[in-house]
Structures are given as structure tokens and as C-alpha cells.
Amino acid sequence: MTLKRFALAALCLAGLSAAPAVAAPAPEVEIASFAQLKTPLPYPYDERADANAAVAAARAQARREHKLLMIDLGGNWCADCRILAGTMALPSLRAFIEAHYVVVFVDVGRFDRNLQIPAHYGVIRRLEGVPSLLIVDPIADRLLDPGQDAALADARYMSPQTLADWLARWTA
């Protein structure tokens with residue numbers, strides 16, 4: 001079984017459905033493990049940012065550019081969050097993300113800051129983990145991945161290709 005098929009099978013076993021037939025194909029990620037990521041890993045969350053303004057600006061940009069909005073909820077203290085950010089910065093994945101998404105990083109502190117952002121999209125329970133990704137249709141301002149926001153909370157245990165495949169699920 002190829003690594004890509006194994007990753008898709010693992011996603012299905014984890015309760016995530018297969019990618020929709022209309023999804024853009026995931027890019028082939030050039031590294032096989034996180035050990036190959038550039039270090040130090042990024043610190044993507046600005047703890048002083050106005051999250052409401054940042055999300056509103058990103059949503060407006062996504063509407064203008066006819067892209068999806070990706071809201072990455074997390075904290076710089078979180079290794080999985082930093083690994084995900086480092087993986088998304090890989091050239092092959094970054095090009096795919098830039099073609100399909102406008103990304104905004106929202107610091108949620110220790111699950112005690114900016115929780116109005118997920119609540120706006122119907123995530124009213126406590127976040128199950130971070131990173132939590134909200135994939136949003138910016139025109140309808142509607143969550144496209146309900147119940148799957150914490151699917152990447154254990155990003156360090158996923159291959160970079162699995163992460164690319166997950167991100168490709170939502171693209172049209």
C-alpha cells in the first residue's frame with residue numbers, strides 16, 4: 001500500500017470521509033517526515049492581534065479572490081500547531097494553499113482567548129484540541145467542515161502528505 005493510500009485509509013478509519021470527487025488534487029509533498037522541516041518551526045500566532053479584524057479582513061480577501069477561508073486556531077506553545085504551520089510553508093503545499101485558500105491564524109491562548117471566532121461558526125463546545133482548522137465558505141460565511149475542526153490536532157502523528165490530502169478535501 002502506498003503512503004498516500006495508507007494515509008487516506010487512516011483518515012477513513014479515523015472517521016473522516018474520503019475526499020469529494022470535485023476536490024482539487026492534493027499536491028505531492030516533497031518530504032516524507034516532519035524531521036525534514038526547517039527549524040526553528042514558525043510561531044504563526046500573533047497574541048496581540050485583533051482576531052475579529054483579522055478574520056474579517058481575511059474573509060473579505062477570500063471573497064474577492066474566490067478562495068476558501070482557512071481559520072487556523074491555535075497557540076505558539078503548541079507543537080502540533082507549529083508543525084502544521086511549518087508543513088503549510090513547504091513550497092509545494094504553500095503553492096496549493098495560496099491557490100485555494102486565504103489563511104488567517106488566530107491565537108486562542110490556552111483555550112481562553114478569541115473563542116468568539118469558532119462560536120461564530122457554530123463551534124460552541126470547548127475546542128477539542130489545537131490546531132483546529134475552520135474551513136469557511138467566505139460568501140455564505142458558513143463552515144464547510146463542521147465537526148472536523150480538531151481533525152489535525154495530532155498533526156505531529158500525520159505525514160505531510162496526509163495533511164496535504166486533508167486540505168485538498170475542501171477545494172473545488
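Structure notes:
- From the options ILE117, ILE139, ILE97, residue that is out of contact with any Leu (no Cβ under 8 Å at 6 or more places or on another chain) and of a type outside the set (Phe, Trp, Tyr): ILE139
- The lone criterion from (1) loosely packed, with under 14 Cβ neighbours inside 10 Å; (2) in contact with a Pro (Cβ under 7 Å, 6 or more places away or on another chain) left unmet by ALA85 is number (1).
- Residue in the stretch 116-140 that is farthest from CYS78 (Cα to Cα), counting only those that are over 17 Å from the mean Cα position of the chain (by Cα) and not small (Gly, Ala, Ser): ILE139
- For the stretch 33-90, a residue qualifies if it is in contact with a Lys or Arg (Cβ under 9 Å, 6 or more places away or on another chain), more than 12 Å from VAL130 (Cβ to Cβ) and of a type in the set (Asp, Glu), and exactly one does: GLU47.
- Counted residues, the stretch 116-172 - those being among the polar types (S, T, N, Q) and assigned to a helix (DSSP H, G or I): 3
- Only listed residue being more than 17 Å from ALA23 (Cα to Cα) and in contact with a strand residue (DSSP E or B) (Cβ under 9 Å, 6 or more places away or on another chain), chosen from LEU90, LEU127, LEU144: LEU127
- Top-ranked residue in the stretch 63-82 [being of a type outside the set (A, V, I, L, M, F, W, C) and in contact with a Pro (Cβ under 7 Å, 6 or more places away or on another chain); ranked as surrounded by the most Cβ atoms within 10 Å (Cβ to Cβ)]: GLY74
- SER132 being closer than 23 Å to ARG48 by Cα and not aromatic (Phe, Trp, Tyr): yes
- Any hit, the stretch 92-106, residues being assigned to a loop (DSSP other than H, G, I, E, B) and either at pLDDT 95 or above or crowded, with 19+ Cβ neighbours inside 10 Å (or both): no
- Pairs linking a residue in the stretch 107-124 that is within 23 Å of PRO42 (Cβ to Cβ) and among the aromatic types (Phe, Trp, Tyr) to a residue that is surrounded by fewer than 16 Cβ atoms within 10 Å (Cβ to Cβ) and modelled with pLDDT under 95, with Cβ atoms under 7 Å and 6 or more positions apart or on different chains, are PHE111/ARG126.
- The residues of the stretch 140-157 that are surrounded by 23 or more Cβ atoms within 10 Å (Cβ to Cβ) and either at positive phi or not small (Gly, Ala, Ser) (or both), listed by number, are ASP149, LEU152.
- Residue match in the stretch 32-51 (condition: modelled with pLDDT of 85 or more, among the basic types (Lys, Arg) and under 23 Å from PRO138 (Cα atoms)): no
- Some residue of the stretch 40-62 being without any contact (Cβ under 8 Å) to a residue 60 or more places away in the chain, surrounded by 21 or more Cβ atoms within 10 Å (Cβ to Cβ), in contact with a Cys (Cβ under 8 Å, 6 or more places away or on another chain) and in a loop (DSSP other than H, G, I, E, B): no
The values are calculated or read from the model by the stated rules, or taken from the named source; none is laboratory data. None of these values were measured; they are calculated from a predicted model. Ideal geometry is used to build each Cβ from the backbone, glycine not excepted, and the neighbour counts take in all protein chains shown.
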